[in-house]
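Novice: Sharing a structure, written as structure tokens. Questions coming.
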Amino acid sequence: MLQSKGKTVLAILGHSKGGDSVVTYAAKYDDIPKIVNVSGRFHLDKGITSRFGEDVFVRLKKEKRIQAHDVTASSGPDGWTLTEQDMNARLSHNMIAICQAIQKCTVLTIHGGADKTTPVEDAHEFTKYIKHHRLVVIEGASHNYNGAEHSKEMIQIAVEFMTAV
């Protein structure tokens, strides 16, 4: 898609929901050589009530949109609007089919070994279904790679992957 607009894109990177977005992009277009999925979630039906409350589905059904607060966030912004449409889209994704559709792109998944938002087991699922995949788990790193050591390591791994010939 981006190449059709005259752009040369060698890699894209996404974190958390953005990781799922870049994997989905690769499945749909398969036109960018390198994809970096940082802490993406494979099992999109998991972690919903723990992050948004036990009554999230009732509230969404009633109100259609709610102000969501990520109770697992340890730093940074933790609120946004969550719509019923967003939730339905999330739950309709078949990550196995999405991952199997990626044929040309090489995908690197980086995941924190101490991630309490998205379990590291999700990272291993990408390995099972993406043809050209590499997984790096950064031991002790949280979902947001808090601390200079973990964030520096994550950035270094991603940049080396994206710039390698």
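The values are calculated or read from the model by the stated rules, or taken from the named source; none is laboratory data. A quick note: this is a predicted structure, and the numbers were derived from the prediction, not measured. Don't worry about glycine lacking a Cβ; one is built from the backbone with ideal geometry, like all the others, and counts go over all protein chains shown. We work out accessible area using only protein heavy atoms, side chains counted, and drop any ligands, DNA or RNA first. Shrake-Rupley method; radii C 1.70, N 1.55, O 1.52, S 1.80 Å.
Novice: Given a Förster distance of 41 Å, report the FRET efficiency between Glu160 and Asp45 from their Cβ-Cβ distance, rounded to the nearest 0.05.
Specialist: It comes out at approximately 0.80.
Novice: Of all accessible surface on the chain at a 1.4 Å probe, what whole percent is carbon and sulfur?
Specialist: 55
Novice: Given 0.36 nm per residue, what is the gain on full extension from Glu63 to Ser21 after removing their alpha carbon distance, in nm?
Specialist: Additional length available on full extension: 12.5 nm.
Novice: Can I ask one more? Given a Förster distance of 22 angstrom, what is the FRET efficiency for Ala89 paired with Lys131, based on the Cβ-Cβ distance and rounded to 0.05?
Specialist: My answer for the efficiency is 0.30.
Novice: While we're looking at this one, here's another question. Ranked highest first by average number of other Cβ atoms within 10 Å, how do 33-41, 56-64 line up?
Specialist: 33-41, 56-64
Novice: Still on this structure: Could you tally up the Lys pairs in the chain with alpha carbons closer than 21 Å? Skip any pair fewer than 8 positions apart unless they're on separate chains.
Specialist: Step by step, the pairs that qualify in the chain add up to 27.
Novice: Sorted by packing (mean other beta-carbon atoms within 10 Å per residue), highest first, where do 85-95, 122-132 land?
Specialist: 122-132, 85-95
Novice: For the chain, take N as its residue count and report Rg(C-alpha) divided by 2.2 N^0.38 Å.
Specialist: Working it through for the chain, the quotient is 1.06.
Novice: Using the Cα centre as the reference, give the magnitude of the dipole from point charges on the C-beta atoms of the range 102-165 (Lys, Arg: +1; Asp, Glu: -1; all else neutral), rounded to the nearest 20 debye.
Specialist: In total the dipole reaches around 300 debye.
Novice: Can I ask one more? About its Cα centre, how strong a charge dipole does the chain have in debye, to the nearest 20, once Lys and Arg get +1 and Asp and Glu get -1 at the Cβ?
Specialist: 560
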